[in-house]
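Enquirer: After the structure tokens below, expect a handful of questions from me.
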Amino acid sequence: MLLTSLKKLWSAFTDLLPIILVIGFFQLVVLRQPLPNLAEVLFGAVLVVVGLALFVQGLEMGLFPIGENLAQALAQKGSLFWLLIFAFALGFSTTVAEPALIAVADEAAEIAAQAGLLASGEKAMQQYALGLRLSVAFSVGLAILIGVLRILRGWPVQYLIIGGYVLVMLMTMIAPKEIVGLAYDAGGVTTSTITVPLVAALGVGLASIIRGRNPMLDGFGLIAFASLMPMIFVMGYGLLVFR
């Protein structure tokens with residue numbers, strides 16, 4: 001047990017080592033200044049390494065098995081309705097609770113209020129941030145639902161992705177310019193610490209139990225939909241709010 005924990009810590013340290021080297025190089029060689037609050041920085045780095053190791057261990061022990069087992073159980077049950085409901089609910093719930101999305105939505109609301117795009121007041125900012133979060137969460141839920149249908153039906157992933165990005169380009173031309181950058185960032189915000197492990201496990205678990213599906217070929221691709229759909233929905237949200 002101790003040896004396994006030490007291996008996890010070493011793996012987390014090696015993952016973070018490039019970041020440490022880059023920061024150290026620019027701080028000491030380019031800027032030629034010592035790190036401020038060195039003791040606090042080192043202590044924080046240790047906490048990051050330990051936290052990353054615990055996070056990865058938690059994914060392996062909890063989130064990945066849960067996603068795979070639920071997908072396999074629902075597929076064995078043979079109920080397409082409940083499988084699709086689960087796919088949508090999983091995408092929606094993991095995204096609406098995503099810390100990165102909450103932070104970006106609050107920041108976007110504050111900046112929009114400062115620019116005069118929203119009515120002044122805390123309530124208007126909260127409504128805008130909540131609407132943004134719900135739009136993104138709904139889009140991810142719909143994206144996971146479409147991704148599950150793709151696995152079940154065997155649709156080629158590249159056609160759906162290409163069609164989706166064509167729609168993104170068309171939406172970009174008509175969406176308010178104030179929302180376009182935020183919409184593009186929303187695609188990356190959704191693929192973060194909570195959403196990715198469960199969604200990836202869902203796809204792999206589903207593809208592994210359906211006859212004729214290859215987990216390597218068909219189990220992945222759900223994250224691409226989760227990145228694509230928020231761009232479309234956030235630009236649509238901007239059309240409603242800013243016009």
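Enquirer: Among the residues of segment 156-167, are any within 14 Å of the chain's Cα centre (by Cα), open to solvent by 60 Å² or more (accessible area, probe 1.4 Å) and either charged (D, E, K, R) or at pLDDT 90 or above (or both)?
Expert: no
Enquirer: For segment 22-61: of the residues being polar (S, T, N, Q) and part of a helix (DSSP H, G or I), which is modelled with the lowest pLDDT?
Expert: My answer is Gln57.
Enquirer: Report every pair of residues separated by at least 6 positions or lying on different chains whose Cβ atoms are under 6 Å apart, first residue within segment 213-228 and of a type outside the set (Asp, Glu), second surrounded by fewer than 17 Cβ atoms within 10 Å (Cβ to Cβ) and not in a loop (DSSP other than H, G, I, E, B).
Expert: Correct list of pairs: Ala224/Ile161.
Enquirer: While we're looking at this one, here's another question. Name the single residue that is most open to solvent (accessible area, probe 1.4 Å) among those in segment 1-17 being more than 18 Å from Phe55 (Cβ to Cβ) and assigned to a helix (DSSP H, G or I).
Expert: Leu2
Condition check ((1) hydroxyl-bearing (Ser, Thr, Tyr); (2) under 27 Å from Leu198 (Cα atoms); (3) out of contact with any helix residue (DSSP H, G or I) (no Cβ under 8 Å at 6 or more places or on another chain)) across all residues:
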{"position": "Phe25", "(1), (2), (3)": "no, no, yes"}
{"position": "Val30", "(1), (2), (3)": "no, no, yes"}
{"position": "Glu40", "(1), (2), (3)": "no, no, yes"}
{"position": "Val49", "(1), (2), (3)": "no, yes, no"}
{"position": "Glu60", "(1), (2), (3)": "no, yes, yes"}
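Enquirer: Output the helices (runs of 4 or more DSSP H) that fall wholly within segment 179-243 and possess 2 or more residues being open to solvent by 40 Å² or more (accessible area, probe 1.4 Å) and at pLDDT below 80, or say none.
Expert: Passing ranges, in order: 195-209, 215-218.
Enquirer: Which one of these does Val50 not meet: (1) open to solvent by less than 80 Å² (accessible area, probe 1.4 Å); (2) within 30 Å of Ser208 (Cβ to Cβ)?
Expert: Going through the list (1) open to solvent by less than 80 Å² (accessible area, probe 1.4 Å); (2) within 30 Å of Ser208 (Cβ to Cβ), Val50 breaks only (2).
The values are calculated or read from the model by the stated rules, or taken from the named source; none is laboratory data. Keep in mind it's a predicted model, so treat the numbers as computed, not measured. Using ideal geometry, Cβ is built from the backbone for each residue, glycine included, and neighbour counts are taken over all protein chains shown. When the accessible area is computed, the model is the full protein with side chains, heavy atoms only, and any ligands, DNA or RNA have been set aside. Shrake-Rupley method; radii C 1.70, N 1.55, O 1.52, S 1.80 Å.
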